[in-house]
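Q: Pasting a structure below so you can have a look.
Values quoted throughout were computed directly from the atomic coordinates according to the rules given, and no laboratory measurement underlies them. Since this is a predicted model, take the numbers as computed values, not measurements. Note that each Cβ is placed from the backbone with ideal geometry, even for glycine, and that neighbours are counted across all protein chains shown.
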Amino acid sequence: MDTKLVSVYRTLEYLNGISDDDVSRLRAVGIHHTNQLLHRASLDIDRKRLFKKTGITSERLLEFAHQCTLLEVSGMERWIPLVRRLGINSMRDLHAQQANNLHAKLIEAIGLAGAPGLTDVEYWISQATALDIVEHPEPERLLPAVE
């Protein structure tokens, strides 16, 4: 019996709010999947480089990188569209959630029969710290005025 390990790569079109133009620009620089985008847009300096190559703003690339990190949470893929509607768009947002509260919101939105279990939600939140690899830009520092 011949078995192969198959990795699941999500295409860029899976990202919420990405345009066909954005997809074309990213593919032109060799980024075809969300995991590739995550690794090429995690650091602020890399997003600036990618902006120069693609014309996609660093802020937009940051938004896409946050979505890519949510796709890395084990067991959460099915629930990502709903989680986004609940205002959770990054690992920081997920980590800030109380498991009981998030679980209650999911039950309210889906119903008890279709919602993930509380232990699933607790597991997602526990992964949020370990998987939060996206670097946020440093706030610009104002230089003191020279008198």
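Q: Work out the length of the dipole vector of the chain about its Cα centre, built from +1 on the beta-carbon of each Lys and Arg and -1 on the beta-carbon of each Asp and Glu, and round it to the nearest 20 debye.
A: 380 debye
Q: Also: Please state, to two decimals, what the Cα-based radius of gyration of the stretch 11-111 comes to when divided by 2.2 N^0.38 Å (N = residues).
A: Computed over Cα atoms of the stretch 11-111, the ratio equals 1.16.
Q: Output the peptides 41-51, 80-90 sorted from most to least packed, where packing is the average of other Cβ atoms within 10 Å over each peptide's residues.
A: 41-51, 80-90
Q: Right, something else. Provide Rg and Dmax in Å for the stretch 75-132, with only Cα atoms included in the calculation.
A: Rg and Dmax of the stretch 75-132, Cα atoms, are 10.3, 30 Å.
Q: Using a Gaussian network model of the chain whose springs link C-alpha atoms within less than 10 Å, name the residue from Glu108, Glu122, Glu59 with the highest mean-square fluctuation.
A: Glu108
Q: Taking amide H positions as placed in the peptide plane 1.01 Å from N, state which residues far from Glu135 in sequence (5 or more) or on other chains have amide H under 5 Å from it.
A: Correct list: Leu43, Asp44.
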